[in-house]
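Reviewing the structure listed below.
Just so you know, all these numbers are worked out from the coordinates, no wet-lab data involved. On a predicted model such as this, the values are computed, not experimentally measured, just so you know. FYI the Cβ positions are ideal-geometry reconstructions off the backbone, even for glycines, and counts take in every protein chain you see.
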Amino acid sequence: MPATATTPPKKRPPSFKLTPEQIELFGEELDALRERVIEDLGQRDSDYIHKVMKAQRDLEVAGRGLLFLSFIPPAWIAGTTALAVAKILDNMEIGHNIMHDQYDWTHDPALDGHEFEWDNASTGDDWRDVHNYQHHTYTNVVGLDRDMGYGLLRVTERQPWAPYYLGNAVYAFLLAVLFEYGVAVYNMELDQIRLGRVSFEDKREEFDRTWRKISKQAIKDYLLFPALGGPMAPLIFAGNMTANVVRNVWAFSVIFCGHFPSGIEEFNRDEIIDETRAEWYYRQVIGSGNLTGPNLLHVMTGNLSYHIEHHLFPDIPANRYAEMSVEVKEACARFGIPYNEGSMPRQFGSVVKKLVRLALP
């Protein structure tokens, strides 16, 4: 609708350097890429995820089995490592991607994105609500995307500073170590409860659901398996805890490298009013960052190393992102759109610098 005397012109984010016509052309290219990949989905994609799922199961069985031999130090190290890798694969390449409905087209019950439950303190239903809908719809929109600091951190200058944020780096460290629990509770909006904007009663259902899942995970890792180990119980407990911490720190690092490295853009609510699909595409590109590295890195990140492509095509099987990134990057180059990518040390280093800098006014 054209602007009138009573209808102000649409406010575009200042980082949108292209004309509306150019953005629409860019969007048409990405739509065409998406359709080509969807038409090509088939057996190799199904085989890939089942292969990863088998590897994850084998690693978990091996890890838990080796931890029963924890009186042999190399067995404890090998078992803890295998279990940590199994948990990372379960969360990153399997759970996260299946719950994005990336494999619903297979009609395989084991790959049903609406029913899948993962080895994590957060429930699948809460993740699908907060992450799949809120985060992917309102990516990097301050006040709408709860991934913007997880209600705990200051990650952009668009967030007003308060003395509380002097602890930004400390909060980030604690969030990394306890990341699965941070994700589990952020749908409960504890920050909003603290500010008096939401009451505890408003979130009681979410609290009860989350507490049940956290309890189930704790019983499995910290009571059941240690008890089965008899005299090895303390070492098995330590191995399970170490594996969980490794998984948490890895997931935190990957996700923060994709969301908050130097050079990504953030947005205000009024900048996405009447947003077109092409503008949404554009916002995803300039609001995300990729990681470069070997194939093992991509598998261990659940292909979130291609975070730009994931935000453009969240329901496309993640094993396709590498090939799609070639066309996305080429299109960005032609249109003059920044394509943020770098090694993990470089991207994570820039995240750390940002968190420290934003602790101050």
So how far apart, in nm, are the two label points at Glu24 and Arg346 if each is 7 Å from Cα heading toward Cβ?
3.6 nm
Got a sec? How would Ile236, Ile337 order by Cβ neighbour count within 10 Å, fewest to most?
Ile337, Ile236
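Arrange Glu327, Glu35, Glu206, Glu117 by Cβ neighbour counts within 10 Å, fewest through most, would you? Walk me through the intermediate numbers first.
On the way: Glu327 16, Glu35 10, Glu206 19, Glu117 13.
Least to most surrounded, the residues fall as Glu35, Glu117, Glu327, Glu206.
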Before anything else, pin down the relative contact order of the chain: Cα pairs under 8 Å, at least 6 apart, normalised by residue count, whole percent.
25 percent
Segment 10-47 residues near the modelled Glu327 label - backbone nitrogen below 13 Å, point 7 Å along Cα→Cβ:
27-41
Treating only the Cβ of Lys, Arg, Asp and Glu as charged (+1, +1, -1, -1), what charge dipole size does the chain show about its Cα centre? Round to the nearest 20 debye.
1480 debye
Modelled label-to-label distance, Val198 and Asp58, 7 Å Cα→beta-carbon offset: nm?
4.2 nm
Any idea how far apart Arg269 and Phe207 come out in nm if each label point goes 7 Å out from Cα toward Cβ?
2.6 nm
Neighbour-count order for Tyr339, Tyr321, fewest beta carbons within 10 angstrom listed first
Tyr339, Tyr321
Express in nm, to one decimal, how much length is gained between Ala238 and Asn295 on full extension, taking 0.36 nm for each residue of separation and deducting their alpha carbon distance.
17.5 nm
21 Å Cα-Cα reach of Lys87 towards lysines, excluding residues that sit fewer than 8 places from it in its own chain
Lys51, Lys54, Lys213, Lys216, Lys220
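When you count, for each residue, the other Cβ atoms within 10 Å and take the mean per peptide, how do 216-227, 124-135, 141-152 rank with the highest first?
Ranked by mean Cβ neighbours within 10 Å, highest first: 141-152, 124-135, 216-227.
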The helix 204-219 Cα axis meets the longest alpha-carbon principal axis of the chain at an angle in degrees, between 0 and 90 and rounded to 10, of 40 degrees
Mind checking which of His259, Leu30, Tyr48 is farthest towards the positive end of the chain's charge dipole, using Cβ charges of +1 (Lys, Arg) and -1 (Asp, Glu) about the Cα centre?
His259
Full-extension gain in nm, Asp47 to Val177, via 0.36 nm per residue minus C-alpha separation
43.5 nm
For segment 307-361, what does the alpha-carbon gyration tensor say about shape, rounded, prolate or oblate, given a ≥ b ≥ c as the root eigenvalues, a/c under 1.5 as rounded, and a/b over b/c as prolate?
prolate
Which is farthest toward the positive dipole end of the chain among His298, Pro317, Ala233, measuring Cα position about the Cα centre, with Cβ charges +1 (Lys, Arg) and -1 (Asp, Glu)?
Ala233
Using a simple charge model, +1 on the beta-carbon of Lys and Arg, -1 on the beta-carbon of Asp and Glu, nothing else, what dipole does segment 35-110 show about its Cα centre, in debye to the nearest 20?
540 debye
Determine the gain in length on full extension of the stretch Phe335-Gln134; use 0.36 nm per residue of separation and subtract their C-alpha separation, reporting nm with one decimal.
69.5 nm
List the residues, sorted by chain then number, that are 5 or more residues from Thr292 or on another chain and whose placed amide H is less than 5 Å from its amide H.
Gly342, Ser343, Met344
Helix-only [θ]222 nm of the chain, DSSP H runs n ≥ 4, -39500 (n - 2.57) each, per residue, nearest 500
-16000 deg cm²/dmol
